[in-house]
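Read the figures in this text as sums done on the coordinates, not as results from a lab. This is a predicted model, so every value here is computed, not measured. Ideal geometry is used to build each Cβ from the backbone, glycine not excepted, and the neighbour counts take in all protein chains shown.
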Amino acid sequence: MRICHVAAHLPPDQGANALLPVHLGAWAREAGDIPTYVSYPPRALKAGAAPDASGPLPGHVAWMPARTKSALAKALGPLTTLAHARAVWRLARPSIAEADVVHVHSNGLLPDLGAWIAERERKPVVLTLYGTEIWHYEPKRLGPDMFTRAYRSAAHVTFYSQGLLDRAVEHGLSRGALTVIYPPVAEYFARADDARRAAARRAVGFTERNLLLNVKRLHPLAGQMTLIEALPAVLRAQPDTRLIFCGTGPVRADLEARARQLGLDSRVTFAGLLENRSVVAYYAAADLFVLPSRLEACPTVAVEALACGTPVVSSDSPGGLELGRLFGDDVRVVPKENPPALADAIVAALAHPRRTFAATDAVLDREFRPATVAARFAAVYREVTRTTRR
């Protein structure tokens, strides 16, 4: 089976909609299928650098021309978009026409055009939605509504969380063939025993009794400022505490400035962007993972922390509420953008330190491990190709 993934982002770009297509391609190749990709060059490449289609990706990539952001392009508006769409159509069509299944990831000009090309080529489409497409969905009143067309015409739609599927239905996007498939959490995110935790603490280099961890892009929606604001109350109750941020993003300078204003700079560490295997040591060393996001579909970072045995305090974002239902007492949920409530939950957790319960491991195995996720997507592929043949 040839499976063509149409995704606006691929590694080294980060994010669920960049990483999942690569996981799916690797699993397909292991199963004897042929994965291919249609994508834009990664944003992380230096200006002018050519993407390497023979790199670590598991299949051939048809690279699309990056959208120009010049002043002239903005001034021309729809004409520029039309010219870009024509170029994408011409370059993407061969890969899509050769596929048995076209897997479209998220929305935007490239994914929406990919779904339209697949429809014209009579190829079944699997559409995977990650969050923003649904949280901010509004049907277009003027012009073509490409996303709604892709959603309605897809052979199957998968969602990153049950909350996301429920929100789609609330938006009037009810239809058949809707499935929740949670994101995969790699096996190396695993429960650490006492010896491994001690080694992890030595590896990350912090000696405080309590380590709080946040792994997330530093962005207003991630709510890290709420965590900074909550930290003084935490330190009054638990003075020997350090807060570690793993990640980078547009609000890092603001967070650093606020920490200095509150006299917290000696208790807050910005570790920067780390690769997955490097961040495992932080998950294992941490006493508590804190996720104060304003909006989440399914926060993979929190699930990775749970897999390493670290309990979670989360805001009541849709994803946080869902993890609370899935993992019970291992995920404490508090109101978003509420520093006192967040501080109280952190202090209560640190007063009675523990690791996650065995029931959490069972949920991980049932819903989040790669073998489970791969099998569920493979079943969707088989279903849509069988239906198309009929």
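Some notes on this structure:
- Neighbour-limited loop hits for GluC sites (Glu not before Pro), segment 262-336 (at most 14 other Cβ within 10 Å; DSSP other than H, G, I, E, B): GLU275
- Using C-alpha pairs below 8 Å separated by at least 6 residues, the relative contact order for segment 194-367 is 24 percent.
- Sorted by Cβ neighbour density within 10 Å, fewest at the top, the residues LEU321, LEU213, LEU235, LEU221: LEU221, LEU321, LEU235, LEU213
- Using θ = phi - 60° in the Karplus curve 6.51 cos²θ - 1.76 cosθ + 1.60, the 3J(HN,Hα) couplings for segment 339-351 round to x, x, 5, 5, 4, 4, 5, 5, 4, 4, 5, 5, 5 Hz; x is entered for Gly and Pro.
- Between VAL6 and VAL38, HIS103, VAL104, HIS105, the built amide H atoms are under 5 Å apart, and every one of these is 5 or more places off in sequence or on another chain.
- Couplings for segment 25-35, taken from phi via the Karplus curve 6.51 cos²θ - 1.76 cosθ + 1.60 with θ = phi - 60°, read x, 5, 5, 4, 5, 4, 7, x, 8, 10, x Hz in order; Gly and Pro are left as x.
- Taking every C-alpha pair closer than 8 Å and separated by at least 6 residues, the mean separation divided by the residue count of the chain gives a relative contact order of 14 percent.
- Overall form of the chain per C-alpha gyration tensor (a/c, 1.5; a/b vs b/c): prolate
- Distance (nanometres) between label positions extended 7 Å along Cα→Cβ at ARG43 and ALA348: 3.7 nm
- Restricting segment 319-385 to chymotrypsin sites (Phe, Trp or Tyr not before Pro) in coil, as DSSP defines it, with at most 16 other Cβ within 10 Å: PHE357
- Cα gyration tensor, segment 279-352 - rounded (a/c under 1.5), prolate or oblate: oblate
- Among HIS352, HIS105, sorting on how many other beta-carbon atoms sit within 10 Å of each Cβ, with the fewest leading, yields HIS352, HIS105.
- For segment 194-367, diffusion coefficient by Stokes-Einstein and Kirkwood Rh (Cα), 25 °C, 0.890 mPa s, µm²/s: 155 µm²/s
- 24 Å Cα cut-off, lysine pairs counted over the chain (separation 8 or more, or different chains): 6
- The GluC sites (Glu not before Pro) found in segment 154-210 that occupy coil by DSSP, while having at most 13 further C-beta atoms within 10 Å, are GLU187.
- Positive-pole candidate from TYR137, LEU213, SER161, dipole of the chain, charges at beta carbon: TYR137
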